[in-house]
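The values are calculated or read from the model by the stated rules, or taken from the named source; none is laboratory data. Model, not experiment: these values are computed from the prediction. Cβ coordinates were reconstructed from backbone atoms using ideal geometry, including for glycine residues, and neighbour counts include every protein chain displayed.
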Amino acid sequence: MRARTTLAACASVAVVLAIASAAVIFLLRVNLERTVEAGAREQAQTVARLATDGRLTSPLPLDHGTDFIQVLDAHRGVVAASQNLTGHPPLAPSGHPNGHRTFNLDARGHAHHQRVTSITATTPTGPVTIYVGASLRTADAAEDLTTAALAVLSTVLLLTVGALTWRATGRALRPVEAIRAEVAAIGDRDLNRRVPQPRSNDEIARLAGTMNAMLQRLEAAGTRQRRFIADASHELRSPLTVLRTQLEVALTHSDPDVHTDLVAGALEDTERLQALAADLLLLARLDTTDHHRPTEPVDLTDLVHTTLAARGAGPHPVTVHAPTAITVPGNPLWLRRLLTNLLDNAQRHAAKHITVRLTADRALGHAVLDVTNDGPPIEPADREKIFERFARLDDARSRDDGGTGLGLPIARDIAAIHQGTLTVLDAPAATTFRTRLPIPPEPPQDVRARQGAAG
């Protein structure tokens with residue numbers, strides 16, 4: 001990249017220098033040729049006045065910068081000439097009267113470029129054509145010198161641009177190389193390392209900041225994964241140990257009644273393992289799901305009633321308040337699982353009664369689902385902890401209520417996938433889990449119809 005940048009800079013500067021040099025040389029050449037032409041024309045006009053007055057003499061004097069003068073009559077005979085062409089045949093080029101051209105003319109045995117100007121004049125003996133040649137040797141020398149100077153200056157400038165670009169690009173890319181080297185050295189066990197962040201507030205500094213933020217997220221994800229694996233191993237080890245003990249005792253015990261109790265206990269632990277495995281699989285699916293909000297219309301009111309009807313009677317009665325139909329975009333299976341987990345949690349911790357309330361907050365565009373139990377309230381310091389995976393409060397562990405510690409984290413993940421929230425509300429003598437789910441805005445005709453019915 002450093003070499004490509006330097007080459008591109010040098011190529012761009014070279015193109016600009018070539019165009020500028022060509023323009024300078026062209027303008028210089030035009031200006032010098034006009035100066036030479038003006039001198040030759042002035043000399044020709046002086047000779048024309050002499051011819052008109054009949055005062056032509058031979059040889060004709062040459063001004064500074066003029067190479068030769070030759071005057072020809074209508075029959076191309078030499079009437080007068082400068083001293084260097086005295087006795088020579090007509091040397092003037094053929095051309096249009098009052099015209100000029102630049103060409104090679106061997107006037108005195110030396111070939112060089114000349115500007116030849118011709119004009120006509122009327123004399124007492126008839127019309128004559130006056131040819132005046134002015135040398136372009138000075139213009140050629142100035143052009144050659146300017147070309148050489150521009151070539152040298154352009155070369156020096158290109159070398160300077162190349163060196164500065166190489167150095168500046170190297171300094172600019174040095175932090176990038178440091179970031180690359182650090183990232184290459186970071187392994188799956190070194191996610192606590194960070195890339196060096198330059199002090200300059202530029203794109204590279206922002207890139208380093210973004211890389212460090214990504215590494216921080218990876219470190220946090222790795223920590224959560226290791227903690228999750230450790231917690232899952234612990235949760236699986238306990239029922240497996242109990243199950244193995246029960247089966248070993250059942251094999252060595254001959255009493256049918258004891259044998260039946262041991263098998264029933266083993267079946268209960270197997271069901272707990274099955275539930276834990278199902279929760280782990282669901283969590284894995286939620287973690288790997290592309291979190292695009294599900295768009296299938298779901299009638300929350302119907303979902304609440306059918307979920308409670310399918311559960312049957314529980315240890316505590318459930319009162320439902322869902323007066324109106326509320327539809328949200330979502331996944332009905334996942335939303336049913338969210339409600340089921342909240343109800344399971346409420347049944348485990350309620351003292352006597354559970355309330356499910358479904359309302360719509362049209363002003364904020366949310367459907368609100370509250371699941372309240374009259375059990376002991378959750379302390380403010382523990383209201384986020386209960387949503388951690390495998391997290392249980394001390395009293396829950398002592399009660400050994402059979403929960404896996406994954407129900408509330410699964411419920412919150414499902415709410416997040418639906419772009420909603422799940423929180424615990426303040427309550428003096430109860431615990432309320434509030435779920436907010438976005439609802440689409442009502443069509444204008446439905447709003448007018450509802451306002452008309454209210455009026």
Cβ pairs under 8 Å, 6+ apart, first in segment 328-347 and in the same structural domain as residue 377 (by TED's automatic domain parsing), second crowded, with 18+ Cβ neighbours inside 10 Å and of a type in the set (Phe, Trp, Tyr)
342/433; 345/433; 346/433
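Listed here are the residues, each with its yes/no results for (1) among the charged types (D, E, K, R); (2) part of a strand (DSSP E or B); (3) farther than 25 Å from residue 377 by Cα; (4) out of contact with any Pro (no Cβ under 7 Å at 6 or more places or on another chain).
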site: 325; (1), (2), (3), (4): no, no, yes, yes
site: 329; (1), (2), (3), (4): no, yes, yes, no
site: 333; (1), (2), (3), (4): no, no, yes, yes
site: 339; (1), (2), (3), (4): no, no, no, yes
site: 342; (1), (2), (3), (4): no, no, no, yes
site: 348; (1), (2), (3), (4): yes, no, no, yes
site: 351; (1), (2), (3), (4): no, no, no, yes
site: 355; (1), (2), (3), (4): no, yes, no, yes
site: 359; (1), (2), (3), (4): no, yes, no, yes
Where residues in segment 380-400 are modelled with pLDDT under 85 and in a loop (DSSP other than H, G, I, E, B), which of them is surrounded by the most Cβ atoms within 10 Å (Cβ to Cβ)?
389
Take the residues in segment 138-151 that are without any contact (Cβ under 8 Å) to a residue 60 or more places away in the chain and more than 50 Å from the chain's Cα centre (by Cα), then tell me which one is surrounded by the most Cβ atoms within 10 Å (Cβ to Cβ).
140
Which residue, of 313, 264, 284, 277, is under 22 Å from residue 234 (Cβ atoms) and either exposed (fewer than 13 other Cβ atoms within 10 Å of the Cβ) or touching a His at 6+ places or on another chain (Cβ under 9 Å) (or both)?
284
Among residues of segment 293-319 being of a type in the set (Val, Ile, Thr) and not in a loop (DSSP other than H, G, I, E, B), the residue nearest to the chain's Cα centre (by Cα) is 298
Collect the residues in segment 207-237 that are surrounded by 12 or more Cβ atoms within 10 Å (Cβ to Cβ) and under 24 Å from residue 266 (Cα atoms), keeping them in residue-number order.
231, 232, 235, 236
Just to verify a result, which residue in segment 89-124, among those that are at pLDDT 80 or above and in a loop (DSSP other than H, G, I, E, B), is farthest from residue 45 (Cα to Cα)?
89
Would you be able to say whether some residue in segment 125-137 is in a helix (DSSP H, G or I), crowded, with 17+ Cβ neighbours inside 10 Å and touching a residue at least 40 places away in the same chain (Cβ under 8 Å)?
no
Only one of 85, 159, 173 is surrounded by fewer than 12 Cβ atoms within 10 Å (Cβ to Cβ) and either modelled with pLDDT of 80 or more or not assigned by TED's automatic domain parsing to the domain that holds residue 32 (or both). Can you tell me which?
159
Residue 239 passes all but one of the listed conditions (1) in contact with a Pro (Cβ under 6 Å, 6 or more places away or on another chain); (2) modelled with pLDDT under 80; the exception is number (1)
Contact list please: Cβ distance under 9 Å, first residue in segment 59-83 and assigned to a strand (DSSP E or B), second residue of a type in the set (Asp, Glu), pairs at least six apart or on different chains.
79/73; 82/67
From the residues in segment 3-23 that are out of contact with any Ser or Thr (no Cβ under 7 Å at 6 or more places or on another chain) and closer than 20 Å to residue 140 by Cβ, which one is surrounded by the fewest Cβ atoms within 10 Å (Cβ to Cβ)?
23
Filtered residues of segment 276-292 (kept if modelled with pLDDT of 80 or more and not in a helix (DSSP H, G or I)):
none
Count of segment 410-429 residues which are surrounded by 18 or more Cβ atoms within 10 Å (Cβ to Cβ), hydrophobic (A, V, I, L, M, F, W, C) and in contact with a strand residue (DSSP E or B) (Cβ under 7 Å, 6 or more places away or on another chain)
4
Return the total of residues in segment 176-215 being assigned by TED's automatic domain parsing to the domain that holds residue 280 and within 25 Å of residue 280 (Cα to Cα).
0
